[in-house]
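Report on one structure; see the data block that follows.
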Amino acid sequence: MKAVSLAAERAAVINALRPVVPMLAAMAGPHLEVVLHDVSKPENSVVAIANGHISGRSVGSSVLEGPQNDRGFAAATRIKSKDGAVHSLVEDYVTVTADGRELRSASAIFRDASGEPFATLCLNVDLSGFQAAHGWLSQMLKPMLQAPEIAAPPAAPPESQMDTLMQEIINEAVSPGGSADAMTREEKIQAVGAMQRRGLFIVKGGVERAAAALGVSRFTVYNYMEQLRRREQA
């Protein structure tokens, strides 16, 4: 019975991970290979893969057909964990494809209740396209970098930029009500919410400036934020 329950546990996790493979690839684009392995079946370990053109693999490929120096596989072959189903992550390491291209890789290793590794979810990023683009851009920009320097207008000090942005956020939040004097209490609450979503209150002095613009006290602004929090929870 124990073997049956472990097999069911493994199957459930692998099935849950299957849709993650195309989702990650769709978000990241064709330069990211996403591979789901059932390491208990090394002869045909690949159970799901997206952008397999990066390593030349497909569903049914063996564990040996992957890139070289895969630290994720090394972690998945270690002695099983004494702590049971403790999953682990091997981050940011370099692997090499059969044709010599370097990939930036990361792997999540999944263990069953007995602590035995049974699945890995691997990410492999092909940087060759980005490296070629970087080289091309460097060549294109070289003449510009060697051209006589043209004086640029002085940049506004960070304080002035922050001050301008803060005022823009306040103006945008208050303007729907015309002026603060014409705003109802509910409109002021909504204005505080708009400022909060823009990050105004993370900046030092943001609460004070909002209070002044709305014609209320700092305590009232905090009270409005608390009311908005309660509404979200409700």
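The values are calculated or read from the model by the stated rules, or taken from the named source; none is laboratory data. Everything numeric here is computed off the predicted structure, so don't read it as measured data. A quick note on method: Cβ atoms are made from the backbone with ideal geometry, for glycine too, and the neighbour counts reach across all protein chains shown. For accessibility, only protein heavy atoms count, side chains too; no ligands or nucleic acids. Shrake-Rupley method; radii C 1.70, N 1.55, O 1.52, S 1.80 Å.
Model label sites at Asp99 and Ser40, defined 7 Å from Cα along the beta-carbon direction, differ in position by 3.6 nm. Across the stretch 1-64, the relative contact order, built from alpha-carbon pairs under 8 Å that are at least six residues apart, equals 25 percent.
Label-to-label distance for Glu226 and Val86 is 4.2 nm, based on points extended 7 Å past Cα in the beta-carbon direction.
Compared with the direct C-alpha span, the chain from Asn171 to Asn69 gains 31.1 nm at full extension, assuming 0.36 nm per residue. Evaluating 6.51 cos²θ - 1.76 cosθ + 1.60 at θ = phi - 60° for every residue in the stretch 205-219, the Karplus couplings come out as x, x, 5, 4, 5, 5, 4, 5, 5, 8, x, 10, 8, 4, 4 Hz, glycine and proline recorded as x.
Per residue, the accessible area of the stretch 158-234 comes to 63 Å², computed with a 1.4 Å probe over protein heavy atoms only. Dividing the Cα radius of gyration of the stretch 1-45 by its Kirkwood radius returns 1.11 for Rg/Rh. Taking 0.36 nm per residue of separation and subtracting the current Cα-Cα distance, fully stretching the chain between Gln233 and Ala16 would add 75.2 nm.
Alpha-carbon geometry of the stretch 162-234: the Rg and the Dmax are 11.2, 35 Å, given in that order.
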